[in-house]
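Every read-out reported here was derived from the displayed coordinates using simple, explicitly stated rules and does not represent laboratory data. Bear in mind that the values here come from a model prediction, so they are computed numbers and not experimental data. No Cβ is skipped: glycine too gets one built from the backbone with ideal geometry, and neighbour counts run over all protein chains shown.
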Amino acid sequence: MNHHLQDDELLDQIYGLADNHSHLESCNECARRWSALQERRTRLVSAEELPNDFLASQRRTIYARLGEQPGRQMRWVPAVAAACLFAIGVFIFRPADT
């Protein structure tokens with residue numbers, strides 16, 4: 001009885017981790033599935049890179065949908081850091097009591 005290759009076995013074949021050539025030559029169903037996986041991999045590998053302007057526009061749209069503005073949620077960090085440094089400076093460098 002001829003069993004068909006599992007998807008992980010076909011992926012191993014594509015990446016050179018297995019040698020199932022003899023089965024692929026004799027089984028039309030597995031050969032068709034293997035060919036479809038190869039075509040899909042080729043399309044994914046050769047996908048175009050998106051321009052930065054498009055990605056920035058998409059990010060602004062998402063922030064608008066969330067009701068936020070980019071970078072707004074982190075404006076308080078420098079003020080808190082400055083206040084902490086000031087407090088540490090006061091405790092470390094205060095004049096000695098006489």
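Annotation: amide H-H contacts under 5 Å for residue 18 (H modelled 1.01 Å from N, sequence separation of 5 or more, or interchain): 13. What does the net charge come to around residue 21 if you take all other residues with beta carbon closer than 14 Å to its beta carbon, with K and R at +1 and D and E at -1? Local charge sum for residue 21: -4. In the chain, excluding the sites themselves, the longest stretch lacking any of the GluC sites (Glu not before Pro) that are in a DSSP loop with at most 15 other Cβ atoms within 10 Å is 1-47.
The orientation-averaged projected area of the convex hull spanned by the Cα atoms of the chain comes to 15.2 nm². Here the contact order of the chain, divided by its residue count and restricted to Cα pairs under 8 Å and six or more residues apart, works out to 14 percent.
Distance between the 7 Å Cα→Cβ label points at residue 57 and residue 79: 3.5 nm. Principal-axis analysis of the Cα atoms of the chain puts helix 28-45 at an angle of about 30° to the longest axis.
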